[in-house]
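See below for the structure under consideration.
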Protein chains: 2
Amino acid sequence: MAIVVQKYGGTSVGTIEKIRNVAKRLAARRDQGDEVVVVVSAMGKTTDMLINMAKELSEAPSRRELDMLMSTGEQVSISLLSIALNEMGYESISLTGFQAGIMTEGFHTKARIQDIEIDRVKQYLSEGKIVVVAGFQGINENGDITTLGRGGSDTTAVALAAKLECTCEIYTDVDGIYTVDPRLFPTARKLDAISYEEMLEMASLGAGVMETRSVEIGQKYNVPIYVALSSEDWPGTYIKEYDVTMESKAITGLSVSDKDLMVTINHVPYEVKNISNIFQSLAKMDVNIDMISQTAPSHGLVNVSFTAPKSDEDIIQGIMDQILKEFAGAEVEIEKDITKLSVVGIGMRSQSGVAAKMFKIFADNDIAFKQVTTSEIRISYVIDTTDKQRAIEIVAREFNL
Amino acid sequence: MAIVVQKYGGTSVGTIEKIRNVAKRLAARRDQGDEVVVVVSAMGKTTDMLINMAKELSEAPSRRELDMLMSTGEQVSISLLSIALNEMGYESISLTGFQAGIMTEGFHTKARIQDIEIDRVKQYLSEGKIVVVAGFQGINENGDITTLGRGGSDTTAVALAAKLECTCEIYTDVDGIYTVDPRLFPTARKLDAISYEEMLEMASLGAGVMETRSVEIGQKYNVPIYVALSSEDWPGTYIKEYDVTMESKAITGLSVSDKDLMVTINHVPYEVKNISNIFQSLAKMDVNIDMISQTAPSHGLVNVSFTAPKSDEDIIQGIMDQILKEFAGAEVEIEKDITKLSVVGIGMRSQSGVAAKMFKIFADNDIAFKQVTTSEIRISYVIDTTDKQRAIEIVAREFNL
């Protein structure tokens with residue numbers, strides 16, 4: 001008898017009928033003897049609908065109040081799912097974030113889980129109940145309701161699995177992790193397993209299926225994460241520690257993201273504290289910087305480029321306005337029609353020449369790139385969005401993805 | 001600078017536009033220098049919609065889960081109202097029942113407020129914030145979300161006013177308390193003021209505007225309750241301690257209710273413990289008994305009649321089935337097409353003859369009654385619903401209501 005945490009996203013609980021189907025799946029799992037915790041998101045488009053109501057009242061609603069508002073979405077799902085389970089004869093109890101002991105810290109609408117007081121969940125499990133937990137939400141030290149931002153329900157699920165020392169199963173509308181997003185490259189292959197490190201790189205690069213944070217927690221606490229379809233029984237993909245049974249190709253996957261913009265600041269007076277101040281200002285506002293590159297100083301001035309989420313454009317614009325005031329002569333350019341293309345693979349550690357091959361592919365096919373950064377297991381390029389589709393197909397073919 | 005608690009019902013916050021209007025009213029009040037706490041219900045038909053979703057999944061959903069589900073309705077309203085206030089430049093903060101410290105006890109879906117830990121509300125008031133509290137909900141000692149049953153938002157508001165030692169203003173879609181429900185008797189007069197005792201009798205008899213519990217709390221803690229229109233400035237009715245400035249007619253009002261059914265149990269063996277057991281069984285299931293009458297024993301058997309809410313019919317039926325098993329020869333009749341008609345007035349204490357006049361009115365007009373009960377300030381009759389309209393008009397005319 002094992003404990004398992006399952007998570008179902010908004011699409012999987014989008015209607016009363018779908019909630020009933022999820023209940024059936026949970027019941028079947030319970031029948032196998034497992035102790036089941038299930039994390040659910042808000043039904044379908046509920047969160048968007050709630051945000052739209054708020055936006056009718058205010059262009060920039062208070063984030064605390066938005067959290068108060070949005071958290072109702074999951075609360076509806078958990079109670080309905082629990083009712084469905086009870087109706088099928090399975091004892092069940094729903095818990096909001098605060099009832100499940102999910103303590104958070106940090107900004108409203110993008111809080112982080114600090115700890116989980118897991119006793120209450122454990123107690124109900126020991127009573128044989130299926131425990132239904134609201135994803136995406138928690139409570140901070142002031143007793144205010146917080147939400148965890150994008151992919152927050154996954155984070156809730158993986159964090160619960162970490163505390164319960166069990167596997168986390170993420171059921172969703174995609175059937176696993178692919179070498180390339182199949183919507184962009186239909187012949188992409190599904191992976192049986194991928195290492196946390198590779199998944200992290202792919203997630204941070206916008207691979208869509210899993211957000212970075214939940215994978216990080218999985219890695220930190222060694223929680224095996226299984227990603228599979230919620231609608232059918234069909235083998236999914238395990239995200240787990242790297243082992244030799246995994247494919248040892250140079251490149252495991254190709255990630256593509258249109259979600260970032262690229263900021264270039266030219267002619268910044270070259271002092272370490274200037275550059276540091278820029279990134280500190282961005283960090284203070286919780287702007288997630290990804291790629292950073294800086295030119296060598298020339299005439300005491302440097303150019304800095306970085307990528308950041310398009311959703312933070314307003315905040316970034318504000319900080320840049322400040323920078324222009326501070327550094328006379330500086331220029332800021334914000335480019336939005338860019339795509340980030342990254343190849344990821346643990347194999348890169350042992351197999352050299354991936355970078356060389358990539359540069360050759362781009363040169364042969366006349367694809368210009370605006371920025372390149374590398375890590376131990378990935379290489380990322382910023383290209384014009386107009387070159388995106390062509391670049392994907394060429395790279396995927398060359399690396400046999 | 002006074003503190004005031006205002007309450008707006010579901011109709012008054014039924015749309016984004018109406019929420020904005022409520023925000024304007026609150027802002028105007030704040031501008032007058034008052035410290036404002038506002039209690040709101042769920043938007044329009046939200047609660048019904050939520051219950052219907054639950055009913056699609058289960059005919060008899062767990063009451064704990066229903067509370068979890070329903071409480072989201074108020075949570076949406078408070079966050080939206082707070083966003084509207086912030087947008088208008090008024091500092092505001094929304095609080096769920098548990099955040100506002102509303103501790104409850106008793107059954108789910110009909111919990112009672114046990115106490116309010118008011119410090120957090122007071123703190124925010126002292127910071128100049130308009131405090132927006134979710135009506136209808138609280139938290140019990142297990143940390144489970146509870147709801148307070150019908151009229152629960154009024155209860156929240158009056159209980160908060162009791163703790164804050166201030167007036168409670170209930171804004172609704174009726175403009176005050178009438179001698180008779182104007183929907184039943186269009187020429188009924190609106191009262192400027194009514195005593196707690198009279199209002200209690202009228203409320204318990206189904207006068208609609210205010211539920212019993214909130215008036216009881218008002219009476220207990222001497223909270224003046226003002227009932228008025230939410231859509232316009234128009235004088236409403238004060239519910240407060242009786243004083244001589246109030247009208248001193250024999251009858252203040254006439255209450256009419258179709259919400260009860262009448263149960264008659266014939267041929268119960270006459271022992272005090274038998275009758276007591278019946279009512280204890282009903283009390284255990286939280287069935288609210290109103291009128292009770294019992295015939296004198298004959299051949300060692302008695303007949304008992306009582307009225308109770310139609311909404312508890314299933315529970316009552318269950319208990320009656322038990323009674324039939326226990327007492328061979330007993331018979332149970334449950335009548336649903338009945339109306340309870342009650343005249344209420346503190347003046348009855350000093351003016352005799354009201355009962356005599358009522359009996360004469362019924363006799364002269366050939367209206368049969370099935371049960372009569374009296375208290376110090378009211379007389380109630382159970383009649384056939386078919387006689388309802390005629391009885392209302394005759395009684396209202398005779399007592400000049």
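Within region B:26-62, list the residues whose amide N lies under 13 Å from a label point set 7 Å along Cα→Cβ of B:Lys122.
Of the residues in region B:26-62, none has backbone N under 13 Å from the label point off B:Lys122.
Once the Cα atoms of region A:3-173 are picked out, what are the Rg and Dmax in Å?
15.2, 50
Just to be sure I understand: chains A and B are related by a rotation, so which residue of A has its Cβ closest to that axis, and how close in Å?
A:Thr72, 2
On a 23 Å Cα-Cα criterion, which of the cross-link pairs A:Lys163/A:Lys220; B:Lys240/B:Lys360; B:Lys55/B:Lys340; B:Lys163/B:Lys340; A:Lys7/A:Lys122 come out too long? Before the final figure, lay out the partial values.
Details: A:Lys163/A:Lys220 12 Å; B:Lys240/B:Lys360 33 Å; B:Lys55/B:Lys340 30 Å; B:Lys163/B:Lys340 35 Å; A:Lys7/A:Lys122 17 Å.
Beyond 23 Å: B:Lys240/B:Lys360; B:Lys55/B:Lys340; B:Lys163/B:Lys340.
In terms of solvent-accessible area of protein heavy atoms at a 1.4 angstrom probe, what is the ranking of B:Glu376, A:Glu211, A:Glu331, highest value first?
On the way: B:Glu376 125, A:Glu211 50, A:Glu331 100 Å².
The ordering from most to least exposed comes out as B:Glu376, A:Glu331, A:Glu211.
What is the distance in Å between the Cα centroid of region B:84-132 and that of region A:306-383?
48
Kirkwood hydrodynamic radius of chain B from all distinct Cα pairs, in Å? Write down the numbers at each step before the final one.
Working: mean 1/r = 0.0443 Å⁻¹.
By the Kirkwood definition, the hydrodynamic radius is 22.6 Å.
Which of the helices in chain A, when you take each full DSSP H run, stretch at least 27 Å along the axis at their Cα atoms and have an average Kyte-Doolittle score of -1.0 or higher? All intermediate terms of the calculation are to be shown ahead of the outcome.
Numbers: long enough: A:63-87 (37 Å, 0.14).
Once both thresholds are applied, what remains is A:63-87.
So, counting K/R as plus one and D/E as minus one, what does the shell of residues with Cβ under 13 Å around B:Thr187 add up to? Numbers along the way, then the final one.
Numbers: positive: B:Arg183, B:Arg189, B:Lys190, B:Arg397; negative: B:Asp181, B:Glu393.
Summing Lys/Arg as +1 and Asp/Glu as -1 gives +2.
Take every Cα pair under 8 Å in region A:3-173 that's 6+ residues apart, average their separations, divide by the length, and report that relative contact order as a whole percent.
RCO, region A:3-173: 30 percent.
Among the aspartates and glutamates, select those whose C-alpha is under 14 Å from the C-alpha of A:Lys273, and discard any that sit fewer than 8 residues away in the same chain.
Qualifying aspartates and glutamates at Cα under 14 Å: A:Glu326.
If you take every residue apart from B:Ser77 with its C-beta less than 13 Å away from the C-beta of B:Ser77, what net charge results, scoring Lys and Arg +1 and Asp and Glu -1?
Working: positive: B:Lys7, B:Lys18, B:Arg20, B:Lys45; negative: A:Glu65, B:Glu74.
With Lys, Arg at +1 and Asp, Glu at -1, the net is +2.
Tell me, what is the percent relative contact order of chain A, built from C-alpha pairs under 8 Å that lie six or more residues apart? The partial results should precede the final answer.
Details: 845 pairs, mean separation 52.4, N = 401.
Normalised by residue count, the contact order of chain A is 13 percent.
List the distances, in nm to one decimal, from the label point of A:Arg63 to the label points of the same position in every other copy, shortest first, placing each label point 7 Å from Cα along the Cα-to-Cβ direction.
Going from nearest to farthest copy, the values are 4.1 nm.
May I ask for log10 I(q)/I(0) of region B:111-214 at q = 0.18 Å⁻¹, from a Debye sum over the Cα atoms as equal point scatterers with solvent left out?
The computed values of log10 I(q)/I(0) come out as -0.96.
Place a point 7 Å from Cα of B:Val372 in the direction of its Cβ. Which residues in region B:280-295 have their backbone N less than 18 Å from it?
Those under the cut-off are B:291-295.
Quick one: if you take sqrt(5λ) for each eigenvalue of the C-alpha gyration tensor of region A:64-159, what semi-axes come out, biggest first, whole angstrom? Walk me through the numbers before you get to the answer.
Values: eigenvalues 110, 42, 19 Å².
Listed largest to smallest, the semi-axes of region A:64-159 are 23, 14, 10 Å.
Interface size between chain A and chain B, please: total buried accessible area, 1.4 Å probe, rounded to the nearest 100 Å².
Protein heavy atoms only, the A-B interface buries about 3300 Å².
By the scheme Lys and Arg +1, Asp and Glu -1, what is the net charge of all other residues having a beta-carbon under 10 Å from that of A:Ile225? Don't skip to the answer; put the middle values down first.
Values: positive: A:Lys7, A:Lys240; negative: A:Asp154, A:Glu169.
My count for the surroundings of A:Ile225 gives 0.
Comparing the chain by itself with all protein chains present, which residues of region B:65-79 are at least 30 Å² less accessible (probe 1.4 Å)?
B:Glu65, B:Met68, B:Leu69, B:Thr72, B:Gln75, B:Val76, B:Ser79
Quantify, in whole percent, the carbon and sulfur part of the accessible surface of region A:3-173 (1.4 Å probe; protein heavy atoms only). Show your work: numbers first, answer last.
Numbers: 2660 of 5840 Å².
Carbon plus sulfur share of accessible area: 46 percent.
With every protein chain kept in the model, how would you rank B:Asp337, A:Asp175, A:Asp233 by accessible area, 1.4 Å probe, largest at the top?
On the way: B:Asp337 120, A:Asp175 30, A:Asp233 145 Å².
Sorted descending by solvent-accessible area, the residues read A:Asp233, B:Asp337, A:Asp175.
Solvent-accessible area of B:Phe107, probe 1.4 Å, all protein chains present, reported in Å² to the nearest ten, please.
It works out to around 100 Å².
With r defined as the distance between the Cβ atoms of A:Ala2 and B:Lys24 and R0 fixed at 45 Å, what FRET efficiency is calculated, to the nearest 0.05?
Numbers: r = 57 Å, r/R0 = 1.26.
With a Förster radius of 45 Å, E is 0.20.
For region A:166-287, evaluate the Debye formula with one uniform point scatterer on each Cα (no solvent term) and list log10 I(q)/I(0) at q = 0.11, 0.21, 0.22 Å⁻¹, rounded to two decimals.
Log10 of I(q)/I(0), two decimals: -0.48, -1.17, -1.25.
Mind checking the per residue accessible area of the protein assembly as shown for me, 1.4 Å probe, whole number of Å²?
Working: 33980 Å² over 802 residues.
Per residue, the protein assembly as shown has 42 Å² of solvent-accessible surface.
Say each of A:Met88 and A:Ile361 gets a label point 7 Å from the Cα, pointing the same way as Cα to Cβ; how far apart are those two points in nm?
It works out to 4.4 nm between the two label points.
Which GluC sites (Glu not before Pro) does region B:45-135 hold that lie in a coil by DSSP with at most 11 other beta carbons within 10 Å? Display every interim value, and only then the final one.
Details: sites: B:Glu56, B:Glu59, B:Glu65, B:Glu74, B:Glu87, B:Glu91, B:Glu105, B:Glu117, B:Glu127; in loops: B:Glu59, B:Glu91, B:Glu117, B:Glu127.
Sparse-neighbourhood loop GluC sites (Glu not before Pro): B:Glu59, B:Glu127.
Given label points at 7 Å from Cα along Cα→Cβ, what nm distances, shortest first, separate B:Gln114 from the same residue in every other copy?
2.7
Shape call for region B:242-401 from the C-alpha gyration tensor, a ≥ b ≥ c root eigenvalues: rounded (a/c under 1.5), prolate (a/b greater than b/c) or oblate?
Details: a/c = 2.06, a/b = 1.96, b/c = 1.05.
Verdict is prolate for region B:242-401.
For chain B, what is the percent of antiparallel DSSP beta bridges, rounded to the nearest 5?
Values: 46 of 74 bridges.
Approximately 60 percent, going by the DSSP bridge assignments.
Need the list of lysines near B:Lys357 for cross-linking: C-alpha distance under 17 angstrom, and skip anything on the same chain fewer than eight residues off.
Here the lysines satisfying the reach criterion relative to B:Lys357 are B:Lys249.
Kirkwood Rh over alpha-carbon pairs of the protein assembly as shown, then Stokes-Einstein at 10 °C and 1.306 mPa s: what D in µm² s⁻¹, rounded to an integer? Write out the running numbers ahead of the final one.
Working: Rh = 30.4 Å.
Rounded to a whole number, D works out at 52 µm²/s.
If each label sits 7 angstrom from Cα along the C-beta direction, how far apart, in nm, is A:Asp233 from its counterparts in the other copies?
Label-point separations across copies, in nm and ascending: 6.9.
The values are calculated or read from the model by the stated rules, or taken from the named source; none is laboratory data. In this text, all values refer to a predicted model and were calculated from it rather than measured experimentally. Note that each Cβ is placed from the backbone with ideal geometry, even for glycine, and that neighbours are counted across all protein chains shown. Just the protein is used for accessible areas: all its heavy atoms, side chains included, with ligands, DNA and RNA removed. Shrake-Rupley method; radii C 1.70, N 1.55, O 1.52, S 1.80 Å.
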